[in-house]
Every structure is written in structure tokens, then in C-alpha cells.
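Below is one structure, written out as C-alpha cells; comments come after it.
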Amino acid sequence: MLSWIRPSARLSFFHSKDNKLLLTKKPGESGVKQQVALADVCRSATPAKCHLNPFLFNGHLQTAWTTVKFDDVPVYYKRRMFEADSPMYKGHFAVDFVVEPYETLKDNAEATDEARRYTLPSGLPERTSFFSEEEFQALPSDDTKPMLVLLHGLSGGSHEIYLRHVLAPLIADGNWEACVVNSRGCSQTKITTGVLYNARATWDVRQTVKWLRKAFPNRPLFGIGFSLGANILANYLGEEGDACQLKAAVLCASPWNLDVSSANLQKTWLGLEVYSKTMGSSMKRLFEQHVEEVSRNPRVDVEAIRNSTYLHEFDRALQCPTWGYPTEGAYYRDAASIDSMLAIRIPFFTVQAEDDPIASVDALPFQEMTQTPYGVMLTTSWGGHLGWFELGGDRWFVKPVTNFLNAMAKEIDLGTPFIVEHPEKLPGHIADHFDSNKDADTAPKPDFDPMRRKLAMKMVQ
């Protein structure tokens, strides 16, 4: 077949060459355990070719196609509201657990008291309902099924089609369990504190993982984040460091360096008038859904938010005063995950498109990926923002993502500690090339802290 009929995107891998992360494979028939490098696991999980829809021949068309309304990937959820345990970020949040298909209510009048208490008047997303108390109390288990924790993108939720495209093949054979952590105010959930989520709001995923670890003590836990959810997940993984309860993670179409991504959006007409305006409008709609609660926040100027047009203006009007940032640039730099990833201490695989108009190629951590053995970044020359559409509507990125997760869950002995070759080359290590012709090293030796935040979170008494 001619290449222009079935064009392929270029695939590139970025990872550390000097020090490798070695994983132990489960023993085969011989009973011998073998080691495999994380980079090799990621390469094996990735199909050799990335054939995409030739009619969607650039990142703009791939991204635009994500707005087409089609719903051919049914995933059913039961929702549970959690009361936040963070004294700095009070309120409640929704976690949607994947369940077997069930007959859903078509009339909002039949909704439960719990649904009316926690859900916006427009009702729950399709194929979503609340657990009964009896169902939720019966949920904990000592089974050993792998469980996936998912974080959606900007203003999204568990209903997003890109998220369900990944979930569907994993849960099809019944071997995986999964849940989606919905950001505050998203997925039709009411808020009670006057504060929406931000790009470094890791509190809720941390509480969810802690609950899962207690409720399912034998399940290996994995994580995946999409777009802004990938940025939040990377920050969470970095904050947890060696104490992280997840066994591995996937980051898809992350914006990484938010300041650079925002600046790039503002440089072009399409970036500003299409992408930034669309995302700004999406966040303004989310704000209006919760305006009664948010307007009670003494830091919030409702009219300034309503007068914003672009995403960076929305963040300037809402996120900056809410959290205490002087500018949206300061907020973006503090919430970026490009440094946080250097503190991650579990295997992670990130998938990005170099023509992504939102998660800009200029913001990708090309150099940082060469400095940590824990991560591998796959880039495709074509694919848009969470697009990667093939002929027929399937998304190519689902293949490397699900192959990686299945390989980690089924082929790797997760009970054996990971081995880092040359741990002295981990980020933050100060080189020492001393010999008899050099002076003694008397320069300052500060520790590099990739998780150093510019915003000091102070509890309000």
C-alpha cells in the first residue's frame, strides 16, 4: 500500500543511557528470574509502526477530531464521595469506580438523595450512579487484581472518551479494576468550599491511593494521567518519592512546563483564538456551574473571571488570587511537573505527540528524561493532543499504554525491588572528577530538590 494512503508517524524514545532501571521478570518454566531494563519494556510495548488516519494529517486536525461527538466505548461507573482529609483543601471529591454494566436511570427525578446533594441539577454523566452504602461497604477485597487510578484532563471527568478508550481493553477480560479521581467541581459534582482544583492539586489522588491501599491490601496499584491530569499525577509521584504506593505510571500528552506551553499558545492565532479561548471558555463554564459557592470566596472577583477570554486570563483571574500567586506565570512555574519528574522513584512511561498544539513540544522534558533511570518518553511526530486517531476511530496511543500496563502487571515481579545501575548518577548528585592535577573541591554543595515549591502552603487557623 502506498505510504500516502497509510502514513506512519516517526517514533522516538528518550531515556537515560548512563544508568538503567532494571526490573525482574516473573520466572518462566525454568524457574529462573531474569532482569529487563525499563527502556526495553517500553520499546517492546510500542508497536513498530504508528499508522494514523491520513485525512487527519496534522496535529490540528487530530486535535479537532477529539471534539467530534461519538460514544462507542461504554464504561459503567459507581460513584463515591470522599470527604477530604487535607486541612488545607477541605470539602469533598468524587471517585468513580468501574463496575459491570447495569441498567441506568433515565429520569433524574428518580435520583437518590445523595445524588441530589452532591450533583449539579443537570444530573450525573451517562452510565454513572452512586454506590448504595451496602455496595460500597462490600467493595474492599483481598484479591490480587491490578488496579488502575486515572486522572482526566482539564475540566473533564470519568466520562471522557479518551479515558474510556484506554479503560475498555483493560477491563474487557475482567483482569483489571479501575477508578477515576474527578477533580473538584468536574464531572457534574458540586463543591462546598469556594475553591476549584489547580494544576498541582495532588491532595485528592493521595487520599484515594491511601484508601485503596487499605481497602485492597494485595492489589498492585498503577496510575495514568491525561493532559493536565498527567501533570498532576507527575507532581504527586514526585511528592511521594520513595514512599509512593503505585507500582508504575503512565503520563499521556502532559503539558509538563506549563509556562512554556502557555506562552506558545499565545504566539499564534490558532493557539490563542482557538485552543486558549476554547479551554478558557470550558473553565468559565465550570466556574459558572459553581459560581454561587466560588463567589463566597473573599479573594474572588466574579466579574474579572467573567471578563476573561483566554485560559491564561482565567487563571490570572481565579487561580492566582485563590492560591496567592502574583501572576499566572508564577502559578504555571510552580505547578509545572518538569522538575517534579526528577523525584519520581517508580517506573513511568510517557507518551507525547511532537505536533501537539496544546502540550507544546518546546515544553517536553527531553534533557530531563536522560537524567533519570525511572522514566521513558515516547514521542510521535504526529498525533495532536490526545488524538492519535487511526482509520475507523481507534486511537493508536492506547496500544503502547495498555501493553505497558499489562507487561508491568503480568510479566514483572513487582515484589522484587527495582535495581538502579549507577545510583550515584541520579539527579542531584554532584560530579567528582578529582585527580592529582585538580584542586580540592571547596565549592558549595547544595542538594538539588526537584520538589521545592515557590508557594508556601500555610494553614488558615
_Give me, ordered by chain and number, the residues 5 or more places off LYS25 or on other chains with an amide H under 5 Å from its own placed amide H._
GLN34, GLN35, VAL36, ASP413
*What is the dipole size for the stretch 35-103, taken about its Cα centre, with +1 at each Lys and Arg Cβ and -1 at each Asp and Glu Cβ, in debye to the nearest 20?*
220 debye
*On full extension of the chain, what length is gained from GLN266 through ALA215, given 0.36 nm per residue of separation minus the C-alpha to C-alpha distance?*
13.8 nm
_Share of carbon and sulfur in the accessible heavy-atom surface of the chain [1.4 Å probe, %]_ = 52 percent
*Between Rg and the Kirkwood Rh of the stretch 24-97, both from Cα atoms, what is the Rg to Rh ratio?*
1.18
*For the stretch 349-442, rounded, prolate or oblate, judged on the Cα gyration tensor with a ≥ b ≥ c (square roots of eigenvalues), a/c < 1.5 rounded, else prolate if a/b > b/c?*
oblate
*Debye-sum result for the stretch 155-278 in log10 I(q)/I(0), which assumes one identical scatterer on each alpha carbon, at q = 0.15, 0.16, 0.17 Å⁻¹*: -0.82, -0.92, -1.02
*May I ask for the equivalent-ellipsoid semi-axes of the stretch 258-335, computed as the square root of five times each C-alpha gyration tensor eigenvalue and listed largest first in whole Å?*
21, 15, 8
*When you count, for each residue, the other Cβ atoms within 10 Å and take the mean per peptide, how do 140-147, 222-229 rank with the highest first?*
222-229, 140-147
*To the nearest 20 debye, what charge dipole does the stretch 258-335 have about its Cα centre, counting +1 at the Cβ of each Lys and Arg and -1 at the Cβ of each Asp and Glu?*
100 debye
*Can you pull the accessible area of HIS433 for me, 1.4 Å probe, Å² to the nearest 10?*
140 Å²
*Got a sec? Charge dipole of the chain, +1 on Cβ for Lys and Arg, -1 for Asp and Glu; which of PRO74, VAL291, PRO357 is way out at the positive end?*
PRO357
*Furthest towards positive pole of dipole, LEU270, GLY375, ILE161, structure part the chain, Cβ charges*: LEU270
*asked:* Please list, in order, the residues from the stretch 277-291 whose amide nitrogen is less than 13 Å from a point placed 7 Å along the Cα→Cβ vector of ALA304.
replied: none
*Of GLY392, LEU405, TRP203, whose Cα points farthest to the positive end of the dipole of the chain (charges on the beta-carbon: +1 Lys, Arg; -1 Asp, Glu; origin at the Cα centre)?*
GLY392
*Going 7 Å from the Cα of TYR102 toward and past its Cβ, which residues in the stretch 178-195 have a backbone nitrogen under 15 Å from where you end up?*
none
*Alpha-carbon centroids, the stretch 143-210 and the stretch 373-428: separation in whole Å*: 19 Å
*Nitroxide proxy distance, nm - points 7 Å out along Cα→Cβ at ASP413 and ASP18*: 3.0 nm
*To the nearest 20 debye, what charge dipole does the stretch 56-169 have about its Cα centre, counting +1 at the Cβ of each Lys and Arg and -1 at the Cβ of each Asp and Glu?*
480 debye
*Take the Cα radius of gyration of the chain and divide it by 2.2 N^0.38 Å, with N its residue count; two decimals is plenty.*
0.99
*Added length on full extension, which subtracts the Cα-Cα distance from 0.36 nm per residue, ALA330 to MET88*: 85.1 nm
*asked:* Taking amide H atoms as placed 1.01 Å from N in the peptide plane, list the residues 5 or more away in sequence, or in a different chain, whose amide H sits under 5 Å from that of HIS92.
replied: ALA84, THR192
*Taking R0 as 25 Å, what's the FRET efficiency between ALA168 and THR112 from their Cβ-Cβ distance, rounded to 0.05?*
0.35
*What do you get for Rg/Rh over the stretch 12-146 if you use C-alpha atoms and the Kirkwood form of Rh?*
1.09
*asked:* Can you compute the modelled spin-label distance between ASP72 and GLU273, with each label point 7 Å from Cα toward Cβ, in nm?
replied: 3.4 nm
*Accessible area (Å², per residue) of the chain, counting only protein heavy atoms and a probe of 1.4 Å*: 46 Å²
*Expected 222 nm ellipticity per residue - DSSP helices of 4 or more, -39500 (n - 2.57), all of the chain, to 500*: -7500 deg cm²/dmol
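The values are calculated or read from the model by the stated rules, or taken from the named source; none is laboratory data. What you see is a predicted model, and the numbers here were worked out from it, not measured in a lab. Glycine gets a Cβ as well: all are built from the backbone with ideal geometry, and neighbour counts include every protein chain shown. Note: accessible area is taken over every heavy atom of the protein model, side chains too, but ligands, DNA and RNA are not part of it. Shrake-Rupley method; radii C 1.70, N 1.55, O 1.52, S 1.80 Å.
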